[in-house]
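Below is one structure, written out as structure tokens, with a few remarks after it.
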């Protein structure tokens with residue numbers, strides 16, 4: 001019986017180690033995916049393409065939404081709110097990047 005219990009304990013430790021490794025790998029993959037998909041990071045790294053993308057997105061949203069006269073006020077305000085939020089975030093990130101560049105230049 002003691003051999004069986006020892007083997008059971010050994011196997012349980014192996015399973016625990018494997019679970020820990022799997023959890024570490026999952027967390028690593030999550031972190032990489034979050035970093036890759038981070039809009040803020042992308043905007044910080046590529047401010048000018050971000051502005052271009054925001055402008056294109058704005059035109060696409062405006063084109064898809066059609067004439068404001070045809071849409072209800074809530075639909076128009078929702079797309080307007082989305083555009084405003086996107087542009088505000090892009091502006092914020094671009095200004096942050098510009099200020100960093102300026103401070104690096106004068107440091």
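Readers should treat all values here as calculations from the given coordinates under stated rules, not as data from a laboratory. Everything quoted here is computed from the prediction, not taken from an experiment. In this analysis, Cβ positions are derived from the backbone assuming ideal geometry, glycine residues included, and neighbour counts consider all displayed protein chains.
Below is a table of values for the structure above.
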| quantity | calculated |
| --- | --- |
| All positions within the range 36-63 that are within 16 Å of the chain's Cα centre (by Cα) and exposed (fewer than 10 other Cβ atoms within 10 Å of the Cβ) | 36, 37 |
| Where a residue in the range 1-24 is assigned to a helix (DSSP H, G or I) and its partner, wherever it lies, is surrounded by fewer than 10 Cβ atoms within 10 Å (Cβ to Cβ), with Cβ under 6 Å and at least six apart | none |
